[in-house]
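Chemist: Below are the structure tokens for one structure; questions will follow.
Nothing in this text is a laboratory measurement; each read-out follows from the coordinates by a stated rule. From a predicted model like this one, the values you see are computed outputs, not experimental measurements. Virtual Cβ from ideal backbone geometry, glycine too; neighbours counted across all protein chains shown.
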Amino acid sequence: MVVAGRRALRAGVALGALALVLQGLRGWLASKRYEFTPAEIAQLARHHAGLDHELAFSKIIVELRKKHPGHILPDEDLQWVFVNAGGWMGSMCLLHASLTEYVLLFGTAVDTGGHSGRYWADISDTVISGTFRQWKEGTTRSEIYYPGDTIVHQAGEATSVQWSAGTWMVEYGRGFIPSTLAFALADTLFSTQDFVTLFYTLRVFAKGLLLEASAFFSTMGC
């Protein structure tokens, strides 16, 4: 009885500590200043929707560098990397990454679909070309999105997702970004075992974090 009581007490203390950490994290995310806004990224992508996706992406990168100098990875660090997650396969090119935000280009050259994942982050995607279908949890109908449309995936949501071949989009995420990595890397670790892609993914994310740290310290006068 004494041992069981001690275990219950430890479990209660651990759960209480976790609740405090989560509450503190939520408060920090709600009060901090962000470099980008969802509306800004969506508007920029919408302006170039319908163009050839490679041309649109090049224009978007140029404009983002003008608006956010020091926060977009240089050309030599831009790399298209495969993403296997939730049963689907796509490719991403990371432009910006921090612990609370990311901006990336995403798409697929083949038909693909699966589970969206469930994150501690809000994610918005604006379609440049192709079509994207989303089936939300708790509903019996799906919706199709076309170039210029923006899809918002709220924190805690889960959906079924489907991209047609040749669908490309601009994605912005805001929240606790490390929570998205576990899903993004799960299929690579436990299914494809493509550790080269794993290395590429972690490397480009680390480069994004280092760039953001450099920008932060430069504003501090360090």
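Chemist: Taking the alpha-carbon distance from Lys136 and a cut-off under 19 Å, which aspartates and glutamates remain once sequence neighbours fewer than 8 residues away in the same chain are dropped?
Modeler: Within the straight-line limit of under 19 Å, Lys136 reaches these aspartates and glutamates: Asp122, Asp125, Asp149, Glu157, Glu171.
Chemist: Same structure again: Along the charge dipole of the stretch 111-215, Cβ charges K/R +1 and D/E -1, which of Tyr145, Thr126, Thr192 sits furthest on the positive end?
Modeler: It is Thr192.
Chemist: Let me ask you something else. Using Cα-Cα distances under 8 Å and only pairs 6 or more residues apart, what relative contact order does the stretch 100-154 have, in percent?
Modeler: Relative contact order here is 34 percent.
Chemist: Right, next: Going by average Cβ density within 10 Å per residue, which order do the peptides 190-196, 96-102 take, highest to lowest? Working shown, then result.
Modeler: Working: 190-196: 11.0, 96-102: 20.1.
Packing order, densest peptide first, comes out as 96-102, 190-196.
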